[in-house]
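Below: the structure, in structure tokens.
The values are calculated or read from the model by the stated rules, or taken from the named source; none is laboratory data. Predicted model only: the values in this text are computed from it and were never measured. In this analysis, Cβ positions are derived from the backbone assuming ideal geometry, glycine residues included, and neighbour counts consider all displayed protein chains. The area values use the complete protein model at the heavy-atom level, side chains included, leaving out ligands, DNA and RNA. Shrake-Rupley method; radii C 1.70, N 1.55, O 1.52, S 1.80 Å.
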Amino acid sequence: MKKRLRAIAFYLPQFHPIPENDTWWGKGFTEWRNVVKARPLFKTHYQPHIPKDLGFYDLRLEESRLSQETLAKQYGIYGFCYYHYWFNGKRLLYEPLQRKLKNQKEDMPFMICWANENWTRRWDGLEQEILIKQVYSENDDREHIRFLCKHYFSDERYIKIYGKPFIAIYRPSLLPNISNTIQLWRKEAIKCGIGDIYVGLVNSFGHNYSARDYGADASIQFAPHLQHPKRYFNNVFSKFLFQIYNGKESLCIKTLQFILSHFKFYYKNPYIQNRIYDYHELVMSQINKPIEIQTFPCIFPMWDNTARKKGKNALIYINSTPKKYAEWLENIANKFIPWSDEENFIFINAWNEWAEGNHLEPCEKWDKAYLEATYQVLSKYS
């Protein structure tokens with residue numbers, strides 16, 4: 001029997017103004033403001049990422065959302081996983097999904113991932129300054145799941161596994177007691193008439209969850225929060241040191257002399273100021289790794305959050321190409337064994353993370369090449 005796989009792409013609803021962002025970042029702020037500010041840090045650096053077919057869209061517009069769905073379905077994407085921002089009853093960036101719920105023409109299957117982080121001024125380098133905070137409690141867990149049952153889980157387009165609405169938690173480690181929250185959610189969902197729910201724990205920020213240990217149903221990989229390969233600069237620098245070392249003096253002295261004579265170069269060098277890795281090396285390392293039991297795999301097409309980091313401490317993957325991405329996706333599709341007919345999802349990060357240089361949507365450089373690569377692989381498993 002032919003294996004069937006379904007791709008879910010993480011979806012960022014940031015591309016429309018909200019009063020809170022107007023206050024924190026300036027009138028009319030959307031993610032696009034960060035995107036267009038990015039500049040290349042070295043000769044072959046691809047920045048800024050400029051959208052092509054869909055343009056600088058506003059997600060309040062039906063036309064923009066319908067165009068996204070049409071394009072995604074055309075290239076084999078099964079559904080979107082919307083980031084859901086809930087802060088003790090206060091929601092942010094909910095407008096695109098709320099408008100979709102009222103519009104039956106937007107028939108793309110969807111689910112949500114609770115982005116349960118504090119919002120800070122990290123884009124300004126002020127990560128300690130909290131803009132809006134998560135405060136966890138049993139009462140909030142109860143109010144939250146009741147809201148989700150009423151407004152999201154009951155929608156016929158919501159992604160379900162054996163009738164159970166699928167919800168992901170982005171940072172489970174921040175919850176005071178993951179098991180208690182999940183258990184309470186299940187009980188409340190049954191009381192609300194939804195029945196049981198399907199909970200996925202996202203393996204983000206270095207955490208690797210065994211879902212059953214917490215009463216969840218599955219784990220979800222989150223690329224690029226994987227084990228990074230060696231930093232690109234370290235590889236290049238090591239080779240260079242080997243070349244300048246002639247054996248007449250100690251390597252330590254040679255190295256010290258080189259550093260002191262090039263201090264300014266080091267201080268301003270983007271390879272030192274940022275975390276730069278080779279996409280090709282990452283793919284090679286991931287291809288050789290098994291997919292853990294009861295874990296949905298995840299893959300990303302490219303990554304470069306220079307736009308958010310202003311050229312310092314950015315996470316950049318160089319040498320990413322549609323061909324290399326297709327090779328990785330093909331490998332994942334071949335070795336991933338769904339543990340049931342409906343638990344057959346592959347996650348792609350992301351559909352439209354433009355300020356993180358991470359998107360399937362067409363851009364000026366690659367056009368639809370990443371979408372075409374996605375379809376080329378997934379069409380074999382549809």
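Scanning the stretch 342-382 for residues that are of a type in the set (S, T, N, Q), assigned to a loop (DSSP other than H, G, I, E, B) and open to solvent by 10 Å² or more (accessible area, probe 1.4 Å) yields one hit, S382. Among the residues making up the stretch 332-380, those that are touching a Pro at 6+ places or on another chain (Cβ under 8 Å), over 14 Å from I220 (Cα atoms) and among the aromatic types (F, W, Y) are W354, W366, Y370. Hey, among the residues in the stretch 187-215 that are under 26 Å from the mean Cα position of the chain (by Cα) and part of a helix (DSSP H, G or I), which one's modelled with the lowest pLDDT? Among them, the one singled out is R212. Counting only helices (runs of 4 or more DSSP H) that fall entirely inside the stretch 253-292 and contain at least 3 residues that are exposed (fewer than 15 other Cβ atoms within 10 Å of the Cβ) and modelled with pLDDT under 90, the qualifying elements are 263-268.
One line per residue, one yes/no per condition, for (1) open to solvent by less than 20 Å² (accessible area, probe 1.4 Å); (2) touching a His at 6+ places or on another chain (Cβ under 7 Å); (3) among the hydrophobic types (A, V, I, L, M, F, W, C):
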{"residue": "S67", "(1), (2), (3)": "no, no, no"}
{"residue": "C81", "(1), (2), (3)": "yes, no, yes"}
{"residue": "K105", "(1), (2), (3)": "no, no, no"}
{"residue": "W119", "(1), (2), (3)": "no, no, yes"}
{"residue": "I132", "(1), (2), (3)": "no, no, yes"}
{"residue": "V135", "(1), (2), (3)": "no, no, yes"}
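The set of residues from the stretch 138-165 being charged (D, E, K, R), surrounded by fewer than 19 Cβ atoms within 10 Å (Cβ to Cβ) and closer than 15 Å to W114 by Cα comprises D140, R142, E143, R146. Could you go through the stretch 55-62 and let me know if any residue there is outside any helix (DSSP H, G or I), of a type in the set (G, A, S) and free of Cβ contacts under 8 Å to residues at least 12 places away in the same chain. Taking every residue of the stretch 55-62 in turn, at least one turns out to be outside any helix (DSSP H, G or I), of a type in the set (G, A, S) and free of Cβ contacts under 8 Å to residues at least 12 places away in the same chain.
The condition of being at pLDDT below 95 and small (G, A, S) does not hold for A326. Any residue that is out of contact with any Lys or Arg (no Cβ under 6 Å at 6 or more places or on another chain), assigned to a strand (DSSP E or B) and either open to solvent by 10 Å² or more (accessible area, probe 1.4 Å) or touching a residue at least 60 places away in the same chain (Cβ under 8 Å) (or both) - is there at least one of those in the stretch 326-341? Checked against the condition, which is being out of contact with any Lys or Arg (no Cβ under 6 Å at 6 or more places or on another chain), assigned to a strand (DSSP E or B) and either open to solvent by 10 Å² or more (accessible area, probe 1.4 Å) or touching a residue at least 60 places away in the same chain (Cβ under 8 Å) (or both), the stretch 326-341 yields no hits at all. Residues of the stretch 293-325 being on the phi < 0 side of the Ramachandran plot, surrounded by fewer than 18 Cβ atoms within 10 Å (Cβ to Cβ) and in a loop (DSSP other than H, G, I, E, B), which ones? Matches in the stretch 293-325: I293, K312, T321.
Screening C113 against (1) touching a Lys or Arg at 6+ places or on another chain (Cβ under 7 Å); (2) at pLDDT 95 or above leaves a single unmet condition, (1). Checked against the criterion of being aliphatic (A, V, I, L, M) and under 19 Å from the mean Cα position of the chain (by Cα), the candidates L41, L12 yield just one match: L12. Would you check if there is a residue in the stretch 125-141 being among the aromatic types (F, W, Y), in a helix (DSSP H, G or I) and touching a residue at least 24 places away in the same chain (Cβ under 8 Å)? Within the stretch 125-141 (the criterion being among the aromatic types (F, W, Y), in a helix (DSSP H, G or I) and touching a residue at least 24 places away in the same chain (Cβ under 8 Å)), the answer is no, since none of the residues qualifies. Looking across the stretch 69-102, the residues that are assigned to a strand (DSSP E or B) and closer than 15 Å to Y158 by Cβ come down to G79, F80, C81, Y82, H84. For the stretch 179-208, residues that are out of contact with any His (no Cβ under 9 Å at 6 or more places or on another chain) and open to solvent by 20 Å² or more (accessible area, probe 1.4 Å) total 14. Selection of the stretch 187-207 for residues being free of Cβ contacts under 8 Å to residues at least 24 places away in the same chain and either under 20 Å from N349 (Cβ atoms) or basic (K, R) (or both) yields K187, K191, G206.
Residues in the stretch 1-37 that are of a type in the set (G, A, S) and either outside any loop (DSSP other than H, G, I, E, B) or crowded, with 19+ Cβ neighbours inside 10 Å (or both): A7, A9.
Here T321 passes the criteria (1) touching a helix residue (DSSP H, G or I) at 6+ places or on another chain (Cβ under 7 Å); (2) at pLDDT 95 or above except the one numbered (1).
Residues in the stretch 38-63 that are surrounded by 18 or more Cβ atoms within 10 Å (Cβ to Cβ) and within 24 Å of Q104 (Cβ to Cβ): Y57, L59. Evaluating Y94 against the criteria (1) in contact with a helix residue (DSSP H, G or I) (Cβ under 6 Å, 6 or more places away or on another chain); (2) open to solvent by 50 Å² or more (accessible area, probe 1.4 Å) leaves one unmet condition, (1).
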